[in-house]
Amino acid sequence: MKYEKRILLINFGGIGDQILFFPVLQTLKKTFENSYITFVTEPRSSSAIKLTDNIDELFISNLKSGNKFIEAVKLIKKAIFGRYDMIISSGSSSLVSILLFLTGIKERIGYDSGALSRILLTKAMPLNQNQYAADMYHDLVSAFEKSTEIKIPEISLNLDSDHREYLENLLFDQLSDKKNIIIHPGVSRLSIEKKMIKFWPTDKWVELIKKLLVSEKYRIILTGGPDDREVLQEIKTQLAEFSSNRKFLLDLSGRRFNIEEFAYIVKISDMLVCVDSAPMHIAVGLKKHVAALFGPTDENKLLPSGNRLFTAIKNDKLKCRPCLWDKRQTSCASLNCLEIETDRVFNTLEEKFSIILK
């Protein structure tokens, strides 16, 4: 089959970074309807491909590993033998333009990282990091779609009917007139290892869940992955009095869902409450109500503004936040920014549900 464009896209980072990159895919597929897109990313975020229909081929690269030279050669070979017409990379390093130039691909698009990038790239786009990250990525293809609208990622789910029915039965096996709130308290282990602490204290999660359950208006669906095992176990231990009634508390934290299954659970629930993490971006991509707790990271760069579906809850008393990435590469020792009062979170959720019920 002959394609209008064969496009090679490179975007490293976690699953959240890949979802934030989806508007780039959306614009390219809209501009070049008969195009073939190969998406290059690192192993830890490869599952994000299951959340979009706009990727034709996935290529895994360990360019961030210790064997950078070997991985770069593999990527260059892929680019050369793939006969691509266009290559786009979201990397901001000055080395990115050299890598793209070595592929020999005619149209090379990346960020302007200095004089060399303006020579080696056919389009060196300005890098504006002081905006919603999806808009920052989309600046790479702004020449194809000029718009002032905020670029919100779109997630596509392709679960078959039997699979959807199984998940629906799992959530709604007992009749309940309560609103379903997913609580996902964790973050990736990698962020913790890199000392980027973004999670709310466990005792605060327990306080919040108890307040929601005592109100008798909500049903809590507890979720999490292997990285959250210890936190979830502590939460469940302190919620033992509620665990016997699935109409009030449904514990799905012990089940191993893949990314599509988790996304579908978010889709059929009423709201997700979480911290700055991949589940937050999944909820945004599904246009679901989400309340996300922010500590050291900047909510203005990670959540679309001006949309009542998406709410950031943060400690407004501190002038030092947000600090992560802009001012420092790791969280500070005090973590005062994560001291968010439980009552404030609870009241925010009450306000959001008053909007949902209108």
Quick check: anything in the range 85-94 farther than 30 Å from Leu157 by Cβ and out of contact with any strand residue (DSSP E or B) (no Cβ under 6 Å at 6 or more places or on another chain)? yes
Restricting attention to the range 79-94, does a residue exist that is surrounded by fewer than 18 Cβ atoms within 10 Å (Cβ to Cβ), free of Cβ contacts under 8 Å to residues at least 60 places away in the same chain and within 21 Å of the chain's Cα centre (by Cα)? yes
Could you say whether any residue in the range 43-51 is within 26 Å of Pro153 (Cα to Cα) and touching a Pro at 6+ places or on another chain (Cβ under 9 Å)? yes
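What is the residue count in the range 122-159 for residues that are under 18 Å from Leu28 (Cα atoms) and not charged (D, E, K, R)?
First pass over the range 122-159, keeping only residues under 18 Å from Leu28 (Cα atoms): 122-125, 133-156.
Now narrow it down to the ones that are not charged (D, E, K, R): 122, 124-125, 133-134, 136-138, 140-144, 147-148, 150, 152-153, 155-156.
Residues meeting the conditions: 20.
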Which helices (runs of 4 or more DSSP H) sit wholly inside the range 228-290 and have at least 1 residues that are among the aromatic types (Phe, Trp, Tyr)? 259-268
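Hey, does the range 214-223 have a residue that's part of a helix (DSSP H, G or I) and touching a residue at least 40 places away in the same chain (Cβ under 8 Å)? Steps first, please.
Of the residues in the range 214-223, the ones part of a helix (DSSP H, G or I) are 214.
Next, only the ones that are touching a residue at least 40 places away in the same chain (Cβ under 8 Å) stay: none.
No, that holds for no residue.
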Those residues of the range 243-283 that are in contact with a Phe, Trp or Tyr (Cβ under 8 Å, 6 or more places away or on another chain), among the aliphatic types (A, V, I, L, M) and within 27 Å of Cys320 (Cα to Cα) come to a total of 1
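Scan the range 314-339 for residues that are among the aliphatic types (A, V, I, L, M), modelled with pLDDT of 80 or more and closer than 18 Å to Thr202 by Cα and report the count.
Final tally of qualifying residues: 1.
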Residue list for the range 242-267, filter: touching a strand residue (DSSP E or B) at 6+ places or on another chain (Cβ under 8 Å), in contact (Cβ under 8 Å) with a residue 24 or more places away in the chain and not acidic (Asp, Glu): Phe242, Lys247, Phe248, Leu249, Leu250, Leu252, Ser253, Ile265, Val266
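How many residues does the range 97-132 contain that are touching a residue at least 40 places away in the same chain (Cβ under 8 Å) and of a type outside the set (S, T, N, Q)?
To start, the set of residues in the range 97-132 that are touching a residue at least 40 places away in the same chain (Cβ under 8 Å) comprises 103, 105, 129-132.
Checking which are of a type outside the set (S, T, N, Q) leaves us with 105, 132.
Adding up the residues that qualify gives 2.
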Residues located in the range 8-22, provided they are more than 22 Å from Ser147 (Cα to Cα) and part of a strand (DSSP E or B): Leu8, Ile10
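Considering only the range 317-328, I want to know if a residue exists there that is outside any loop (DSSP other than H, G, I, E, B), touching a Ser or Thr at 6+ places or on another chain (Cβ under 7 Å) and in contact (Cβ under 8 Å) with a residue 60 or more places away in the chain.
So far as the range 317-328 goes, yes, one or more of its residues are outside any loop (DSSP other than H, G, I, E, B), touching a Ser or Thr at 6+ places or on another chain (Cβ under 7 Å) and in contact (Cβ under 8 Å) with a residue 60 or more places away in the chain.
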Looking only at the range 153-185, count every residue that is at pLDDT below 95, buried (at least 18 other Cβ atoms within 10 Å of the Cβ) and in a loop (DSSP other than H, G, I, E, B) and tell me the total. 1
Sole residue being touching a helix residue (DSSP H, G or I) at 6+ places or on another chain (Cβ under 9 Å), under 18 Å from Ile15 (Cβ atoms) and surrounded by fewer than 23 Cβ atoms within 10 Å (Cβ to Cβ), chosen from Ile282, Ile268, Ile313, Ile259: Ile259
The range 137-155 - residue that is out of contact with any Gly (no Cβ under 9 Å at 6 or more places or on another chain) and in contact (Cβ under 8 Å) with a residue 40 or more places away in the chain and, of those, farthest from Thr297 (Cα to Cα): Phe144
Run down Lys74, Lys64, Lys50 and say which single residue is more than 21 Å from the chain's Cα centre (by Cα), outside the structural domain of His281 (by TED's automatic domain parsing) and of a type in the set (D, E, K, R). Lys74
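Yes or no, residue by residue, for (1) exposed (fewer than 13 other Cβ atoms within 10 Å of the Cβ); (2) more than 29 Å from Lys267 (Cα to Cα); (3) under 24 Å from the mean Cα position of the chain (by Cα):
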{"site": "Leu102", "(1), (2), (3)": "no, yes, no"}
{"site": "Glu107", "(1), (2), (3)": "no, yes, no"}
{"site": "Ser113", "(1), (2), (3)": "no, yes, no"}
{"site": "Thr148", "(1), (2), (3)": "yes, no, yes"}
{"site": "Lys151", "(1), (2), (3)": "no, no, yes"}
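From the residues in the range 135-146 that are of a type outside the set (Ser, Thr, Tyr) and modelled with pLDDT of 95 or more, which one is surrounded by the fewest Cβ atoms within 10 Å (Cβ to Cβ)? Full working, then the answer.
Narrowing the range 135-146 to residues of a type outside the set (Ser, Thr, Tyr): 135-136, 138-141, 143-146.
Now restrict to residues that are modelled with pLDDT of 95 or more: 135-136, 138-141.
Working: Asp135: 19, Met136: 20, His138: 23, Asp139: 17, Leu140: 23, Val141: 23.
Across the range 135-146, the extreme among qualifying residues is Asp139.
Can you tell me which residue is farthest from Trp200 (Cα to Cα) among those in the range 211-226 that are buried (at least 17 other Cβ atoms within 10 Å of the Cβ) and modelled with pLDDT under 90?
We begin by selecting, within the range 211-226, every residue buried (at least 17 other Cβ atoms within 10 Å of the Cβ); these are 211-213, 218-225.
With the extra rule that they be modelled with pLDDT under 90, the set shrinks to 224-225.
On the way: Gly224: 14, Gly225: 16 Å.
Result: Gly225.
The values are calculated or read from the model by the stated rules, or taken from the named source; none is laboratory data. None of these values were measured; they are calculated from a predicted model. Cβ sites come from the backbone with ideal geometry, for glycine too, and all protein chains shown count toward neighbours.
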